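The values are calculated or read from the model by the stated rules, or taken from the named source; none is laboratory data. Model, not experiment: these values are computed from the prediction. Positions of Cβ are backbone-derived with ideal geometry, glycine not excepted, and every protein chain shown enters the neighbour counts. For the accessible areas, the whole protein counts, side chains as well, though only heavy atoms, and no ligand, DNA or RNA atoms are used. Shrake-Rupley method; radii C 1.70, N 1.55, O 1.52, S 1.80 Å.
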Amino acid sequence: MQRGKGMKFVGDSRVPASGRKPNIPKDYSEYPGKTEAFFPNFLLKEWLVGAVFLVGYLCLTAAHPSPLERLADPTDSGYIPLPDWYFLFLYQLLKYEFVSGDYVVIGIVIIPALSFGALLLAPWLDRGPERRASRRPIASGMMLLAVLAVVYLTWEAVENHDWEAAAEQGEMLDDEAAELAEQVDTEHEGYQIYSDQGCIACHGDQLQGSGAAGPSLFDTQYDVDTIKNIAVEGIGEMPPGLFEGTDEELQILAEYIASGGGAQEGESGEDGASAEDAAGEETTEESDEE
Amino acid sequence: MLQRLYDWVDERLDITPIWRDVADHEVPEHVNPAHHFSAFVYCFGGLTFFIIVIQFLSGMFLTMYYVPDIVNAYESVKYLQGEVAFGMIVRGMHHWGASLVIVMVFLHTLRVFFTGAYKKPRELNWVVGVLMFFILMGLGFTGYLLPWDMKAYFATVVGLQMAESVPIIGTLIKTLLSGDPEIVGAQTLTRFFAIHVFFLPAALLGLMAVHFIMIRRQGIAGPL
C-alpha cells in the first residue's frame, strides 16, 4: 500500500484511488490438513445441510399444527397449568418438599443461581489447560450430572402431568361442538317430560325461554330440589300446579333442567364461574335482559 | 455485469477487504463433516443461528396479524391460524422453532463444553453464549403468553408466582414483568409483547454480533 504524500483518493473520500486489494481468494494449500474456504466451498455444504434441516422442520410444522386452547379465562381456578417443556425441570424441582413452601428460597434462588452461575463462570471454575473431557473428570462429571438431573426432572414432570385432563380442560370447541354444547338433548327422557308437562310452552323448545312468558332455563342456578319445588308450586309469575306427573318423572325433569338440558359439558368454565358469582340472585342473566 | 457493479461499488467504498474477510475465513478439517462425519457436532451452532433467523422472519410475519391486547390477541391468533393463507405454517414454524432453538443451543453448549472450547482464550465468548441462552429462555417464556389462551395464561401465572417467591426483590420483578403486583391482565400482555418483540431480540442481535466477531477474531478452537 502506498503511504504518505502522493496518495490519491476517490473524490474527497478516504478511499484510496489506487492499489486497492485485489479480489482473489486466499491460498489454502499452506494450511494444515484439508482446510477449505468458507466461501464458496463450505457454505455450499452448509446450505445443503440447512436445506435438509428445513425440509424436516417444515414436515414437523405441517404434521403438527401448533396448539391453541380456548380463550384465557382467569376465573377458571381449576385449570392445571403447565409451562413449555424447557421450563419443566424448574417446575418439577419446585414440587419437592425441601425446595418449596418454607424452603422455596432454596428452589427458586439458591439452586438455580448456583447451577446457572456455575455454567456462566465455567471458564474460571475449570481453569486447567486440558481440553479433553476425559482428562478433566470433575468438570465433565458435574456437567453430566447436571444434564442428567435436568433430563430426569423433565421426565418426572411429564410423567406426573395428567395429559388427558390437560387436553380436555383447555380444549377449544370448534363451531359444531360449540353449537352442540348450546343445544339441549332432545332425545333425553327429561325432554319428553318437559314437553309433555307443558313447560315447553313458556320456556321454549331449547330451554331458551320465550321472552315475557318464561325465562331461559338453560343455565338456571337452581338445584334439583328447588326446581322440583318450582315445577309444582310455581315461582313469581309462574303459576303453581303446572306439573302433573309422578314423583319419578319430576325427579328426571328436574335433573334434566339442572344439567342444562343434558347439554354436553364444554364451555362450562365460563358459565360455571358466572353461575357461582350470580348464585343466590333470583334471576338469571337472560331474565335480566328482558 | 455483476463484476462491473462490484467494481463500481468497490471503487467508492473499498469493500474488498471486508468481503475477503467474510469469504476467506478458513474452515479447518476437524470441524468439517465432509471429512470427518463426527464433526457434525460442530453444526449445532450454525443450526441455532439458522433457526434464530427463521424465528426473526416468521415473527415479523406474525406481527402483521397479531394484536397485543387481551380482547383481540386470541382472536387474531385464531384468525391467523385458521383463515390466513400459510398462517398455520408461519405460526407453526415460530412455535416449533422456539422449541428447536432450545434443543440446538443446548446441544451446542454441550459440544463447546465437552470439547473444552471455552478455555483460554475463549472465556468471554462462553459468557456471551450463556447470556444468549438465558435470553432465548426469556423469549420462550414471554412468547408463550402471547396467544392468550388457557395454557398461555396459566403458565404465565405460575411463572410470575415463581418470580414473586424470590425474596426481597420478588414483587419488584413481578411488577416489572406484569405491570401490576396483583393483576395478570392487559398490562401483562403488552409488556410481554414488548419484551418479546423489542427488548430481548435487540439484546440477542447485539450479543450474536459480539459472539460472531469474537469467533472471527480467534478462529474456531483447534482439534483435541
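Can you tell me how many residues within the range B:3-23 are more than 18 Å from A:P16 (Cα to Cα) and among the aromatic types (F, W, Y)?
Selection size over the range B:3-23: 0.
Failed condition for A:D27, given (1) part of a helix (DSSP H, G or I); (2) out of contact with any Asp or Glu (no Cβ under 7 Å at 6 or more places or on another chain); (3) closer than 30 Å to B:R20 by Cβ, with all others met?
Here A:D27 clears every test but (1).
Mind counting the residues in the range A:58-71 that are surrounded by 14 or more Cβ atoms within 10 Å (Cβ to Cβ) and either among the basic types (K, R) or more than 7 Å from every other protein chain (Cβ to nearest Cβ) (or both)?
Counting residues in the range A:58-71 that are surrounded by 14 or more Cβ atoms within 10 Å (Cβ to Cβ) and either among the basic types (K, R) or more than 7 Å from every other protein chain (Cβ to nearest Cβ) (or both) gives 2.
Failed condition for A:I80, given (1) loosely packed, with under 15 Cβ neighbours inside 10 Å; (2) at the interface with chain B (Cβ under 7 Å from one of its Cβ atoms); (3) among the β-branched types (V, I, T), with all others met?
(2)
Can A:L90 be described as more than 7 Å from every other protein chain (Cβ to nearest Cβ), crowded, with 17+ Cβ neighbours inside 10 Å and not polar (S, T, N, Q)?
Numbers: more than 7 Å from every other protein chain (Cβ to nearest Cβ): yes; crowded, with 17+ Cβ neighbours inside 10 Å: yes; not polar (S, T, N, Q): yes.
Against the criterion (more than 7 Å from every other protein chain (Cβ to nearest Cβ), crowded, with 17+ Cβ neighbours inside 10 Å and not polar (S, T, N, Q)), A:L90 qualifies.
Does A:A167 count as more than 24 Å from B:N125 (Cα to Cα), of a type in the set (G, A, S) and open to solvent by 30 Å² or more (accessible area, probe 1.4 Å)?
yes
So is A:A149 in a helix (DSSP H, G or I), surrounded by 14 or more Cβ atoms within 10 Å (Cβ to Cβ) and under 28 Å from the mean Cα position of the chain (by Cα) or not?
Spelling it out, A:A149 is indeed in a helix (DSSP H, G or I), surrounded by 14 or more Cβ atoms within 10 Å (Cβ to Cβ) and under 28 Å from the mean Cα position of the chain (by Cα).
Kindly indicate whether B:G206 is in a helix (DSSP H, G or I) and out of contact with any Leu (no Cβ under 8 Å at 6 or more places or on another chain).
So B:G206 passes the test.
Specify the residue that is nearest to A:A113 (Cα to Cα); the eligible residues are those in the range B:157-201 that are in a helix (DSSP H, G or I), facing chain A (nearest Cβ under 7 Å) and open to solvent by 20 Å² or more (accessible area, probe 1.4 Å).
Filtering first and then ranking leaves B:M162.
Of the residues that sit in the range B:124-153 and are of a type in the set (G, A, S) and surrounded by 21 or more Cβ atoms within 10 Å (Cβ to Cβ), which one is modelled with the lowest pLDDT?
Taking the range B:124-153 first, the residues of a type in the set (G, A, S) are B:129, B:138, B:140, B:143, B:152.
Checking which are surrounded by 21 or more Cβ atoms within 10 Å (Cβ to Cβ) leaves us with B:129, B:143, B:152.
On the way: B:G129: 97, B:G143: 96, B:A152: 93.
Among those that are of a type in the set (G, A, S) and surrounded by 21 or more Cβ atoms within 10 Å (Cβ to Cβ), it is B:A152.
Which one of these is out of contact with any Leu (no Cβ under 6 Å at 6 or more places or on another chain), of a type outside the set (V, I, T) and modelled with pLDDT of 95 or more: B:P121, B:P201, B:P181, B:P167?
Values: B:P121 fails: modelled with pLDDT of 95 or more; B:P181 fails: modelled with pLDDT of 95 or more; B:P167 fails: modelled with pLDDT of 95 or more.
After applying the criteria, what remains is B:P201.
When you scan the range B:62-156 for helices (runs of 4 or more DSSP H) that lie fully inside it, which ones turn up with 1 or more residues that are more than 8 Å from chain A (Cβ to nearest Cβ) and without any contact (Cβ under 8 Å) to a residue 12 or more places away in the chain? Talk me through it step by step, then tell me what you get.
Numbers: elements: B:73-82, B:87-114, B:123-145.
Passing ranges, in order: B:73-82, B:87-114.
Condition check ((1) under 25 Å from A:E168 (Cβ atoms); (2) at pLDDT 85 or above; (3) outside any loop (DSSP other than H, G, I, E, B)) across all residues:
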position: A:C202; (1), (2), (3): no, no, yes
position: A:A213; (1), (2), (3): no, no, no
position: A:L217; (1), (2), (3): no, no, no
position: A:I227; (1), (2), (3): no, yes, yes
position: A:E249; (1), (2), (3): no, yes, yes
position: A:I252; (1), (2), (3): no, yes, yes
position: A:G261; (1), (2), (3): yes, no, no
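Return yes or no: is A:K34 within 27 Å of B:R12 (Cα to Cα) and open to solvent by 80 Å² or more (accessible area, probe 1.4 Å)?
In short, no.
Between a first residue in the range B:166-184 that is small (G, A, S) and a second residue that is assigned to a loop (DSSP other than H, G, I, E, B), which pairs have beta carbons less than 9 Å apart while being 6 or more apart in sequence or on different chains?
B:S178/B:V184; B:S178/B:G185; B:G179/B:G185
Where the second residue is among the aromatic types (F, W, Y) and surrounded by 15 or more Cβ atoms within 10 Å (Cβ to Cβ) and the first is more than 9 Å from chain A (Cβ to nearest Cβ) and lies in the range B:29-49, which pairs have Cβ atoms under 8 Å and are six or more apart or on separate chains?
So the pair list comes out as B:V31/B:Y42.
Report, by residue number, each residue of the range A:122-157 that is more than 7 Å from chain B (Cβ to nearest Cβ), within 13 Å of B:Y118 (Cβ to Cβ) and touching a Phe, Trp or Tyr at 6+ places or on another chain (Cβ under 9 Å).
If the condition is that a residue be more than 7 Å from chain B (Cβ to nearest Cβ), within 13 Å of B:Y118 (Cβ to Cβ) and touching a Phe, Trp or Tyr at 6+ places or on another chain (Cβ under 9 Å), then A:D126, A:A139 are the ones that fit.
Show the residue pairs meeting these rules: Cβ distance below 9 Å; 6+ apart or different chains; first residue within the range A:28-46 and at the interface with chain B (Cβ under 7 Å from one of its Cβ atoms); second residue open to solvent by less than 30 Å² (accessible area, probe 1.4 Å) and of a type in the set (G, A, S).
If the second residue must be open to solvent by less than 30 Å² (accessible area, probe 1.4 Å) and of a type in the set (G, A, S), the pairs left are A:Y28/A:A37; A:A37/B:A23; A:F38/B:A23; A:F39/B:A23.
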